[in-house]
Structure formats: structure tokens, C-alpha cells
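Quick note: the coordinates plus some simple rules give every number you see, no bench work behind them. The structure displayed is predicted, hence computed values, not measured ones. As a convention, Cβ positions derive from the backbone with ideal geometry for all residues, glycine included, and neighbour counts pool all protein chains shown.
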């Protein structure tokens, strides 16, 4: 083991796209799908739920408590529980990760809408915005920074957590960790860690960019 | 539910080195060790950065990057590098996991203290260190405790994965159960870890009640 280099580039070259299901590029693709679907589903569910929590305040306490409990459950625990329901499919990873995303996104949506200053809301009313249009055209855009902050946390942790799914056979790049461990071979492990961190940094950067594009007024204010 | 009865009703699961009490103790042992190391590093550092404002950007970026590090990969790599069977290296990924939430929340807590309050403390003649320890820390305590709670829960739940590299703890039931397709053990272990994580969560909420000064709670 001592003279084994940390990274063997020839192994990477040979296994990047060898056509099989264990090719690095195939695992990467799998990983991306399994990491982003939960965030997407989470956002789709969190927006209406968050709105409901703002509209009916009493809903928020129990929802927040439930999300808090969910968030404290280990991913491996949820994976293994869902394993008995959904079997060895991607859903076994995607469904639990959706819950984790929700646990971050619902508070983000609620806090985001709460961060809309009252004068802004009242101005919108005074300008003749009806509630639905006011929500879409004024309140949600103003809430974007807080919601996107939550989205960034959810995305990065989702990308990292998919790898735990490797323990139940559905882990995208996490499978490289198992492979490396079983063969006492560093390269796949290093490749897996590097690609996951790279993926997370890339996704995070894209979300920061999205925030800049979605909130042009925050830049205008700074330069003024 | 039959699985749960099978797992918890089996007398063999309640004694010996493979029993629930022994595994629970192991789990708590290395979770606590990792958590304490992380807290000893992150709390003072976060307080210092929040107080002086130096190096804040670097810390926030590093903490965000650390969130992306996959614990399973780090664990496997560290154990392979250090040699299978050693305990201390296993703590490294858990410490790495626990530092970001503690550091970021401590920093945000200390930095977010009302500037008037800080000025008042200086006006009353307190020195820099006294301001930090006697004024900023008590006011920032709810956020510091939040960071500690998030870290503790994550460590306890992630320590499950340590069983994969041959360590004990409650993860043994899950990993071994998966390997031998004994799903009663998998579900039983899962329930135990979940209960432990919730207990830790609850313990920190209690600590928050006891430790946070009533005055601070009022202005929240």
C-alpha cells in the first residue's frame, strides 16, 4: 500500500467512459440526476407550503417542528427505511433527499416572504396590485435572496448526501468510495471526492449567478 | 412493525458486545469525542472572528466548501491512508463535518450583536476581552447553541456511516443488516439512530432553556 500513489491518472483515463454502468461519466450523470431531482421537487412543494404557512400562521409551528425532526434523521436511516418500500431504485435515494431539501426550503420560503418590508407591500397595494399579482410581481421577487440562500444549502448538501446512497447500491459517485474501499485503492475515492466537491462548487456558483440576474436592483443600489 | 418486534424483542440484542447497550455506548463515545474536538476548535475561532471581523470572508467560504465534502468518501480515504482498524482517524471526517455549522453560527451570533450594546459595554469601561466574554457571548448564546445543536445532530446521525469501515456504534446493525439482508436489523438500527438523534436535539433545546439568560430570550 505504501508505494501506491494517491491518484493514478491512467486508471481515470481508462474508466472515464468505458461504456459500462460503472464508468465515471455514467456515475457522474447518475449523481447529478439524483442530487438535483430532490431539490427541484423540494422547491415545487416548498413554495406552496411556505405560502400556506405565511397565510395561516398556525400552520408554521407544526410544519417547522416536523421538518426539524426530519432533518435530524440520518440519511442512511431514511435510505434503509425506504429500501423496504421502493427497493433498489433511484427513488430510494431521491425521496428521502426530497424531505431533507424540504426541511431547508420551507423555512427559507417563509423567512423570505417575512423579509418583505411592510412599506413595500403597502406600496404595492396602493398601486393597485391584487393579492395574487402582488405575490408574483412584488413579494416573491423581493424574497428571492433568502429563498436562494436556502436553495444553495439544499443543493450543496443534496450533492454531498447522494454519495451515502452508495451503501444501499444507489449512490452515483459514492459508488467509487465503495469500490476504492473494497480494493484498497485510493484513486476512485479521490476522484469521487474531487468530482462531488467540484459539482457542488459549480452548482453553488450557478445559483449565485442566478441570484444576481434575478435581483438586478440589489446591484443598482450598491453602485448608486 | 413485526420487524421492530423481532428486533427489539430478541433477548440476544440486549447483551454482549453486539448488544444494543454496548453499541449505543460506542456510538455516543466517538460522536462525543468528535463533537468536543470540533467545538473546541470552532467556538473560540468563531468568537474571535466575529469580534475582530478579521478573516470572516475566508471562513464563510471555507465552511461552505466543507459542507460539500462527502463524509463517506473522506472516511474511507482517511481510514485507508491511516490503516484499517484505527479509531482516531475516523474522528477526522466527523470533526470536519461538525466544524462548519458551529463556526458559522458562532461567528454570525457574535457579529450580529446590536452595535449599541457593544458600544454601551465599551462605554462602561469593559476591555475588548471582557466585552466579548461578558456582553457579546451571552447575547450570541442562542445562535452559538443552535450551531452546536446542528453539529451534534449531524455527528450523531453521520457516525452511523463509521460502521462501514469496521467501527462499532449503532450503524453496525444497519450495515450488517444490509450485508446479510436481515431487514429487521436494518430497521431496528435505523429506529435506534433516529431516536438518539432526536434525543440529542431535545437535550440541546433543554440546554437552550437553561443556559440562555431570560433577558436575552425576551428581546429575541
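Annotations
- Spacing of the modelled spin labels on residue A:120 and residue A:219, each 7 Å from Cα toward Cβ, amounts to 1.8 nm.
- Its Kirkwood hydrodynamic radius, worked out from the mean inverse distance over all distinct Cα pairs, puts chain B at 19.1 Å.
- Selected from A:204, A:118, A:179 as most flexible by GNM, with chain A as the system and alpha-carbon contacts under 10 Å: A:118
- Across peptide A:76-86, the average count of Cβ atoms from other chains found within 10 Å of a residue's Cβ is 6.
- Compared with the dominant principal axis of the Cα atoms in chain A, helix A:60-72 is inclined by about 10°.
- Average beta carbon contacts from partner chains per residue of A:21-34, 10 Å cutoff: 0
- Length released on extending from residue A:137 to residue A:23, taking residue separation times 0.36 nm less the Cα-Cα span: 36.5 nm
- Counting Cβ atoms of other protein chains within 10 Å of each Cβ in B:187-200 and taking the mean gives 3.
- For segment B:14-114: relative contact order, % (alpha-carbon pairs under 8 angstrom, 6 or more apart): 42 percent
- Relative contact order of segment A:132-178, pairs being alpha-carbon contacts under 8 Å that are 6 or more residues apart, as %: 19 percent
- The residue B:82 and residue A:85 beta-carbon pair, evaluated with R₀ = 41 Å, returns a calculated FRET efficiency of approximately 0.65.
- Gain on full stretching of the segment that runs from residue B:213 to residue B:179 - 0.36 nm per residue minus C-alpha separation: 7.3 nm
- Candidates A:128, A:112, A:20: whichever shows maximal mean-square fluctuation once chain A is modelled as a Gaussian network with Cα springs under 10 Å: A:128
- The simple spin-label model puts a point 7 Å past each Cα toward its Cβ; for residue A:55 and residue A:201 those points are separated by 4.3 nm.
- Distance (nanometres) between label positions extended 7 Å along Cα→Cβ at residue A:208 and residue A:9: 2.9 nm
- Residue-span extension gain [residue B:40 to residue B:60] - 0.36 nm each, minus C-alpha spacing: 5.4 nm
- Gaussian network model of chain A, springs between alpha carbon atoms under 10 Å - residue of A:148, A:59, A:105 with greatest fluctuation: A:59
- Cα centroid separation - segment B:158-214 against segment B:93-146, whole Å: 30 Å
- Overall form of segment A:110-182 per C-alpha gyration tensor (a/c, 1.5; a/b vs b/c): prolate
- Our summary gives segment A:1-100 a relative contact order of 29 percent, counting only alpha carbon pairs under 8 angstrom and 6 or more residues apart.
- Each part reduced to its alpha carbon centroid, segment A:46-111 and segment A:186-200 end up 27 Å apart.
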